[in-house]
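Below: one structure, written as structure tokens.
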Amino acid sequence: MAKKRAREADGATEAPDKMVEDSDSSDDEDFDIVNVDFEWFNFNEKVDFLGTKSLIRQLFDVDANLFDVSALADLILSQSSIGSTVKTDGEESDPFAFVTALNVQEHRQKKPISQLIEYLSEKAKATESLAPIPELLASGQHVGLILSERLINMPSDIVPPLYTMLAEEIQDAVDDKEPYEFTHYLIVSKTYHEIESTLAEERKKKKGKQDAALYYFHPEDEVLQKYATAYGSYPFTKTDDAVADSKRAFQEMGVMPMGSMILIEASKFAGAVKAVGEYLSPPS
């Protein structure tokens, strides 16, 4: 398993595992191999602000403007030993992925968390499968809000180490009497539907309306849902700000992103993390 650099607990500096990426090639037999070293780091307030902020915006898509994203990035960076960034060119480079867990109850008076509580509660109230979430967020229980995002072309192999190290760090923090003893974990993510371009509107009318299939930006979500108390997708508020249909005028299908929530009881989280590792880890 990959090792995280500069872990505060033990100062480990072991080199991470190497993941090999295949570059695009016009020939099925002749292709180039590009070696990429992925490294896991603690959050670093001096270098990770812009990269973390950018990934948060990607996670919340068109609704990111509803939050103080800068303040949320600062809050994430302030708890540097919980969660990780993934980089390819040393600690001073920009993160390509991150994961963190924020204590909703501990930070509920802070603007970025109060905004998120209100937003997620309203979305859950309008989505039947997410019905337990608003009451839980208002209950005063210690809910761990997991935020995780990565560049679209990042390999899913990086996900098991991210979640495994997160679970270990949370347990270490609990052992040190820090406020990370959660009753539940609420994972915020994204899904999408494929939608027909308006240029195909007449053909759509002839075929009749069909329910759009649901797809996952994060393949681990399909596994995490199996351990969930509640899960579901919801439409973004500012859908009018989405990419105009004219931008995909010559494509047969477009993509409609949606927000997603997965609620897992703390007692089931370790099993969920293990299952993600079994599903996404490369064969040995």
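Could you give the length gained by full extension between Ala212 and Met256, i.e. 0.36 nm per residue of separation minus their alpha carbon distance, to one decimal place?
Extra length from Ala212 to Met256 when fully extended: 14.8 nm.
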Once phi is turned into ³J(HN,Hα) by the Karplus curve 6.51 cos²θ - 1.76 cosθ + 1.60 with θ = phi - 60°, what whole-Hz value does each residue of region 75-82 show in order, with x for glycine and proline? 5, 4, 5, 6, 10, 5, 8, 10
If amide hydrogens are placed 1.01 Å from N in the peptide plane, which non-local residues have theirs closer than 5 Å to the one on Val36? Met19, Glu21
Once the piece of chain linking Ala131 and Gln109 is laid out straight, how much longer is it, given 0.36 nm per residue of separation minus the C-alpha distance between them? 5.6 nm
Sites Ser281 and Lys46 - FRET efficiency at Förster radius 30 Å, r taken between beta-carbons, to 0.05: 0.40
In this structure, the FRET efficiency calculated for Asn35 and Glu222 from their beta-carbon separation, with R0 = 25 Å, to the nearest 0.05, is 0.30
If I stretch the segment between His142 and Glu265 completely, what's the gain in nm (0.36 nm per residue apart, minus their alpha carbon distance), one decimal? 43.2 nm
Hz values of 3J(HN,Hα) by residue in region 85-101 - Karplus curve (6.51, -1.76, 1.60), Gly and Pro given as x: 10, 10, 9, 10, 9, x, 5, 7, 7, 6, x, 9, 7, 7, 8, 8, 9
Sorted peptide list for 153-166, 131-144, criterion being average Cβ within 10 angstrom, highest first: 153-166, 131-144
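The numbers here are math on the coordinates, done by the rules we state, and not lab data. Model, not experiment: these values are computed from the prediction. FYI the Cβ positions are ideal-geometry reconstructions off the backbone, even for glycines, and counts take in every protein chain you see.
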